[in-house]
Structures are given as structure tokens and as C-alpha cells.
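Worksheet: the structure to be examined is printed underneath.
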Amino acid sequence: MAEKILLEIVTPKGAVVSEEVDIVTAPGFGGEFGVLANHAPFLSTIKIGSLVYKQAGKEELMMVSGGFCEVSDNKISFLVESAEHGRDIDVDRALKAKERAEKRLAQAVQKAETINRVRAEAAMQRALARLKAAKSH
Amino acid sequence: MPSLKDVKTQISGVKKTSQITKAMNMVAAAKLRGAQEKMEDFRPYASKFNAAMATLSGNMEAGQFPLMEVRDVKSVEIIIVTSDRGLCGSFNANIIKMTAKLVAKLESEGKTVSIVGVGKKGARAFNKSGKVRKAFNDIMGTFQMFNAREIAQDVAENFISGNADEVHVVYGKFHSVASQKPATVKLLPVSPAETGETEGDAVAADYIYEPSPTEIMDVLLPLYLNVMVYHSMLEVSASEHAARMTAMDNATTACSDIVTNLTLIYNKARQAAITADLMDIVGGAEALKG
């Protein structure tokens with residue numbers, strides 16, 4: 001496992017990660033995908049979920065929200081709206097967000113408001129992804 | 001000659017004003033630093049995004065996406081991005097002037113114009129004209145990506161429904177701390193050529209796309225709008241603080257000039273009063289002698 005791939009995670013608030021890693025697993029459009037060194041050029045959209053990368057035998061779990069990723073020249077760059085390390089996530093806040101999203105979702109379903117429902121679902125997914133990422137620490 | 005007391009109150013008044021302008025200058029300087037940092041942080045995201053858009057849109061036909069559809073231009077929407085607060089020199093006035101010119105030009109070509117205001121000042125300036133379709137007020141202070149998304153979504157929906165055939169953004173571009181100029185960019189329809197500089201055709205490697213390139217474009221185009229709107233908001237917020245900093249610096253200098261002048265007048269008046277008093281005493285003494 002000598003060969004590594006450069007992982008870059010960029011959000012509108014700046015670069016979050018820029019490291020040489022062994023493997024990256026990310027929530028792609030068609031399900032999770034893994035990328036190793038020297039992967040062929042690849043472009044995919046990213047869903048809200050957890051991203052895992054392994055570096056020197058250590059696994060790092062992150063929460064990412066929508067965006068896309070590009071693989072080329074042994075470099076994988078993620079352009080996502082937000083990315084957070086599991087260790088930085090405020091579990092209480094995520095739990096509260098989850099409860100809020102649950103309530104809103106129930107409300108939206110009841111009143112059949114599509115837009116609010118989509119929003120609540122997205123909020124729900126974000127909260128769940130955060131909780132999952134936080135749990136690994 | 002103004003009385004001594006009048007001049008004294010005037011001096012203390014001007015001094016108080018200069019204290020305020022000085023404080024505002026310092027606040028603006030601190031906020032400018034924050035805004036500039038935000039802009040710096042955003043730059044890598046924007047440039048990568050544009051590069052990816054360029055690789056993607058290079059081998060794509062514009063007609064197949066609603067957001068790229070080029071129509072006969074009958075109605076134009078202008079997003080005017082200004083600050084929420086005033087006291088920043090001619091910064092907002094310049095943006096408003098440029099917008100007004102653009103509106104006049106478009107209307108002389110027989111097109112209907114609607115305006116979306118981002119930041120209070122712009123919407124307020126066009127309120128009377130009745131052209132303002134929507135105003136996003138009081139968001140320039142602490143805005144984030146999701147604020148930009150809300151605006152972009154609203155404008156995109158309006159474009160897709162056919163109410164506007166073209167959308168432009170007028171905003172204050174940040175050139176440097178000393179110079180901010182209004183600028184216009186076309187937002188919709190998205191034209192592939194404008195999505196950033198292509199880095200030569202050699203880079204257009206055979207990518208594996210997941211899902212298909214068209215579907216990725218469907219996701220990327222709205223994101224692209226977010227990026228554009230967010231970017232213009234960042235520029236405006238940095239420009240606003242820079243403009244306010246300069247304006248307040250000028251005001252502070254003007255204040256100290258006025259204080260110098262007033263102090264001179266005050267001293268002259270004091271001197272004159274003393275002379276008059278002395279003359280009185282001397283006159284009185286002379287009279288007693290005689």
C-alpha cells in the first residue's frame with residue numbers, strides 16, 4: 001500500500017482536508033464508492049452522507065453534504081457545501097436538529113407540502129450523517 | 001463675530017462626531033478583514049468549480065438544459081446586490097446608477113425589466129418604479145451559502161417559468177481596499193463559454209461519469225448559480241466595508257480640519273475679548289486721571 005492518492009475536500013468556507021491518503025469511500029449518486037491510488041478520471045455527484053478515508057492505518061470519518069467529486073491525476077477533489085470531521089461535530093446540536101427535522105417532516109407530510117418536505121428530508125439526512133460521523137469518535 | 005460659547009459648543013459637537021466616525025472606521029476595518037478572509041476561503045472552491053464546469057460543459061449541447069436555454073429576449077431581470085446600510089460613500093449610489101442606466105437601456109430596446117434586490121439599499125432605490133419583484137433585505141450582515149441558494153433558486157424558477165428571458169447581476173466588485181467599482185455579469189441563461197477559463201483541450205480526459213454527464217449537469221447548474229450569487233454577495237460585502245472605511249476616514253479628517261478652523265476662530269474671539277477688556281480698563285484709568 002505504498003501508493004497514495006491526494007484527497008482534497010473544499011467547501012465555500014475553505015479547504016477542509018488536503019492530505020495523501022490510502023483510500024477514500026464516499027457517498028456517490030449511485031451508492032458508496034471507493035477510490036484508490038491511480039484511479040481513472042471520474043466525476044460523480046455526492047449525496048449527503050459520510051465520507052471515510054484511511055491514512056496510515058487510521059480511519060477518519062467525516063460528514064459531507066451535497067456537491068460533487070472529481071478524480072484525475074491521482075488526485076480526488078470533493079466540492080461540497082459543507083464537510084465536518086466526526087470529532088468536531090456537536091452531538092447535542094445534531095440530535096436537536098434531528099428532532100426538529102422529524103417534527104417538520106411529520107408536519108409537511110400531513111399538509112402535503114412538497115417543498116417543505118424535501119427540505120425537512122434534507123435536514124434529516126444531514127442530522128443523521130452528522131450523528132453517524134460523530135459516533136465513530 | 002460668533003460668541004465664545006457658541007464656538008465652544010460647536011467644537012465639542014464636531015469632536016463627538018469625529019469620535020463616532022473614527023469608531024466606525026475601525027469597525028469597518030475589522031469587518032473588512034473578515035469579509036476578505038471569507039472571500040479568500042471561497043476562492044479555491046469557486047475556481048475548482050469553474051474548472052469542473054468547463055470540462056463538463058465543453059462537450060455538451062446548450063439546448064438540453066432549461067437553465068441554459070437561449071430565448072428571444074423580451075424581459076430581463078436584474079439582480080441588484082448592494083449593502084443594507086448606508087454611510088459608505090458613493091458605493092451604493094454607483095451600483096444604483098449603473099442599474100438605472102441598464103434599465104433605461106433595456107427599456108429603450110422595448111424589453112420589460114424586473115428587479116430583484118439583494119441588500120436593502122438597492123431595492124429601496126427602485127421601490128417607486130414598481131419594478132421590484134422581490135427584495136431580500138437585511139441579509140448582507142451575516143449571510144451564508146444557503147442565503148445565496150434561496151436567491152438563486154427564486155431567480156432560476158422565475159427564469160424557467162419564462163417570466164424572464166435573461167438575468168443579469170449588478171454588484172460592487174472589489175478591486176482593492178481603495179477601489180470598488182460596480183460591475184455587471186450575465187447569470188442566466190448559463191452559457192458554456194462563460195463558465196470559466198478552459199485549461200486547453202488536452203485536459204478534457206475521458207472521464208467516467210456517474211450518473212450520466214447530463215444528469216450531473218442538472219445538479220451542477222443550480223449549484224453554479226449559488227456559487228455566482230454567493231460570490232457577488234461576498235464581493236459586495238467586502239466592498240461595502242472597504243468603502244465605509246474610506247468614507248469614515250475622510251470624515252474623520254474633515255472633522256479634524258473643522259476643529260482646527262474652529263479653534264482658530266475661538267482663539268481669535270478670545271483674544272478680541274481680552275483686548276476689549278483691557279481697552280476698557282485702560283480707558284477707565286485714563287478717565288480717572290483726567
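The values are calculated or read from the model by the stated rules, or taken from the named source; none is laboratory data. Predicted model, so just to flag it, every value in this text is computed and none were measured. Please note: Cβ atoms are built from the backbone with ideal geometry, for glycine as well, and neighbour counts cover all protein chains shown. When the accessible area is computed, the model is the full protein with side chains, heavy atoms only, and any ligands, DNA or RNA have been set aside. Shrake-Rupley method; radii C 1.70, N 1.55, O 1.52, S 1.80 Å.
Numerical summary
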{"item": "Filtered residue count, region B:1-22, keeping only those that are of a type outside the set (Ser, Thr, Tyr), open to solvent by 50 Å² or more (accessible area, probe 1.4 Å) and outside any loop (DSSP other than H, G, I, E, B)", "result": "10"}
{"item": "Members of region B:206-222 found to be over 23 Å from A:ASP73 (Cβ atoms) and either acidic (Asp, Glu) or modelled with pLDDT of 85 or more (or both), listed by number", "result": "B:GLU215, B:ASP218, B:LEU221, B:PRO222"}
{"item": "Any hit, region B:40-59, residues being within 13 Å of chain A (Cβ to nearest Cβ) and part of a loop (DSSP other than H, G, I, E, B)", "result": "yes"}
{"item": "Residue in region A:51-65 that is away from every other protein chain (no Cβ under 14 Å), under 29 Å from B:GLN153 (Cβ atoms) and among the polar types (S, T, N, Q) present", "result": "no"}
{"item": "Test: residue in region B:54-74 that is small (Gly, Ala, Ser) and farther than 19 Å from B:TYR224 by Cα", "result": "no"}
{"item": "Filtered residues of region A:66-82 (kept if of a type in the set (Asp, Glu) and within 7 Å of chain B (Cβ to nearest Cβ))", "result": "A:GLU70, A:GLU81"}
{"item": "Residue ID - nearest to the chain's Cα centre (by Cα), chosen from residues in region B:143-174 that are open to solvent by 40 Å² or more (accessible area, probe 1.4 Å) and under 30 Å from B:ALA242 (Cα atoms)", "result": "B:LYS173"}
{"item": "Residue identified as outside any helix (DSSP H, G or I) and on the phi > 0 side of the Ramachandran plot among B:GLY162, B:GLY172", "result": "B:GLY162"}
{"item": "Per-region count, region A:29-49, residues open to solvent by 50 Å² or more (accessible area, probe 1.4 Å) and either more than 13 Å from chain B (Cβ to nearest Cβ) or in contact with a Phe, Trp or Tyr (Cβ under 7 Å, 6 or more places away or on another chain) (or both)", "result": "3"}
{"item": "Residues that are surrounded by 17 or more Cβ atoms within 10 Å (Cβ to Cβ), free of Cβ contacts under 8 Å to residues at least 60 places away in the same chain and at the interface with chain B (Cβ under 10 Å from one of its Cβ atoms), drawn from region A:6-28", "result": "A:GLY28"}
{"item": "In region A:10-66, the residues that are closer than 11 Å to A:LEU79 by Cα, touching an Asp or Glu at 6+ places or on another chain (Cβ under 7 Å) and polar (S, T, N, Q)", "result": "A:THR11, A:SER44, A:SER65"}
{"item": "Inter-residue pairs, beta-carbon under 9 Å, first within 15 Å of B:LYS31 (Cα to Cα) and in region B:70-88, second part of a strand (DSSP E or B) and of a type in the set (Gly, Ala, Ser), 6+ apart", "result": "B:SER83/B:GLY172"}
{"item": "Residue in region B:85-99 that is of a type in the set (Gly, Ala, Ser), assigned to a helix (DSSP H, G or I) and open to solvent by 10 Å² or more (accessible area, probe 1.4 Å) present", "result": "yes"}
